[in-house]
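Visitor: Quick one: structure below, then a few questions.
What follows draws every value from the coordinates through simple rules; no lab data is involved. In this text, all values refer to a predicted model and were calculated from it rather than measured experimentally. Here the Cβ positions follow ideal geometry from the backbone for every residue, glycine too, while neighbour counts run over all protein chains shown.
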Amino acid sequence: MNERSDNTNSLRIGETTITLVEGDITTQDVDAIVNAANSGLIGGGGVDGAIHRAAGPTLKDACQIIVEREGRLPAGQAVMTDGGRLSARVIHTVGPRYRGRPMDRDTLASCYRNCLCLARDASLRRVAFPSISTGAYRYPIEEAAPIAMKTVAHFLGQPTEHQLAEVRFVLFDHRTFLAYQQAMERIRP
């Protein structure tokens, strides 16, 4: 059940609060942050580079072990590592490179679902997401924000033994924040 909060930047779904903040994902006080990674998990630009820089070389080493053992991470999938110097664990997911195809939408939704499944299965309480694929992978923010919000809301609406306390969207700039705020307003009852 969705309930309107006094704060227009949050929404309660069952036991979980979805929160929107504008800021730096690497400084969030949560159990895990989500990294919008590349398939080689090697770090790069944007949020991926920021997370790798903040976490230090042990994150790169952990990612390298995963790639050596399992191969490159396919778009839509997710894996979790320790966070190195970060206080949170890191869930890595590879978003779709936007080409305007219907499968782009499904792959983006899979990113959010698979990250939430990992968090739930690890009994985490608070998870922070960036806006996946809207930087270098060029997914239009006006299309990506509603997909993210609807996917998370649907996941949280499913009965489960372990409920997350908070799903936080940490958005790097005000334009992205406003797009997520509009997407949140569209799913309110």
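Visitor: Taking the Cα centre of the range 13-187 as origin, sum charge times position over the Cβ atoms of Lys and Arg (+1) and Asp and Glu (-1), and report the length of that vector in debye to the nearest 20.
Guide: Working: 19 positive and 19 negative charges, 79 e Å.
My answer is approximately 380 debye.
Visitor: How much FRET efficiency would the formula 1/(1 + (r/R0)^6) give for SER39 and GLU15, where r is the Cβ-Cβ distance and R0 is 35 Å, rounded to 0.05? Intermediate values should be presented prior to the final figure.
Guide: Values: r = 34 Å, r/R0 = 0.96.
Once the sixth-power term is evaluated, E becomes 0.55.
Visitor: Under the definition of Cα pairs under 8 Å and six or more residues apart, what whole-number percent is the relative contact order of the chain? Don't skip to the end; give the middle numbers.
Guide: Values: 378 pairs, mean separation 56.0, N = 189.
So the answer I get is 30 percent.
Visitor: Can you give the calculated 222 nm mean residue ellipticity of the chain, where each DSSP H run of n ≥ 4 adds -39,500 (n - 2.57) and the sum is split over every residue, rounded to the nearest 500 deg cm²/dmol?
Guide: -13000 deg cm²/dmol
Visitor: Same structure, new question: In whole Å, what are the Cα extents of the range 43-90 along the three principal axes, biggest one first?
Guide: The principal-axis extents, from largest down, are 24, 20, 15 Å.
Visitor: When the chain is treated as a GNM, springs tying every alpha-carbon pair under 10 Å, which of PHE169, PHE155, PHE129 comes out with the largest mean-square fluctuation?
Guide: PHE155
Visitor: Using a 10 angstrom cutoff on alpha carbons, build the Gaussian network for the chain and name the most mobile of GLU15, GLU70, GLU142.
Guide: The residue that fluctuates most here is GLU70.
Visitor: Counting only DSSP beta bridges with both residues in the range 13-187, what percent are antiparallel, rounded to the nearest 5? Show your work: numbers first, answer last.
Guide: Numbers: 5 of 22 bridges.
Antiparallel bridges: around 25 percent, rounded to the nearest 5.
Visitor: Using 0.36 nm per residue of separation minus the Cα-Cα distance, give me the extension gain between HIS154 and ARG101 in nm, one decimal.
Guide: Details: separation 53, 0.36 × 53 = 19.08 nm, distance 2.23 nm.
Full extension from HIS154 to ARG101 adds 16.9 nm.
Visitor: Per residue, how big is the convex hull of the range 130-177 when only Cα atoms are used? Give it in Å³. Before the final figure, lay out each step's value.
Guide: Numbers: hull volume 3.8 nm³, N = 48.
That works out to 79 Å³ per residue.
Visitor: First check a/c for the range 85-129, with a ≥ b ≥ c the square roots of the eigenvalues of its C-alpha gyration tensor; if it is under 1.5, answer rounded, and if not, answer prolate when a/b is larger than b/c or oblate otherwise.
Guide: Values: a/c = 3.89, a/b = 2.07, b/c = 1.88.
Prolate is the answer for the range 85-129, as a/c is 1.5 or above and a/b outweighs b/c.
Visitor: Here is a follow-up. Figure the gain on full extension for ILE66 and HIS174 (residue separation times 0.36 nm, minus the Cα-Cα span) and round it to one decimal in nm.
Guide: Values: separation 108, 0.36 × 108 = 38.88 nm, distance 3.44 nm.
In short, 35.4 nm is gained.
Visitor: If you line up the long axis of helix 57-70 against the longest principal axis of the chain, both from Cα atoms, how many degrees apart are they, to the nearest 10?
Guide: 90
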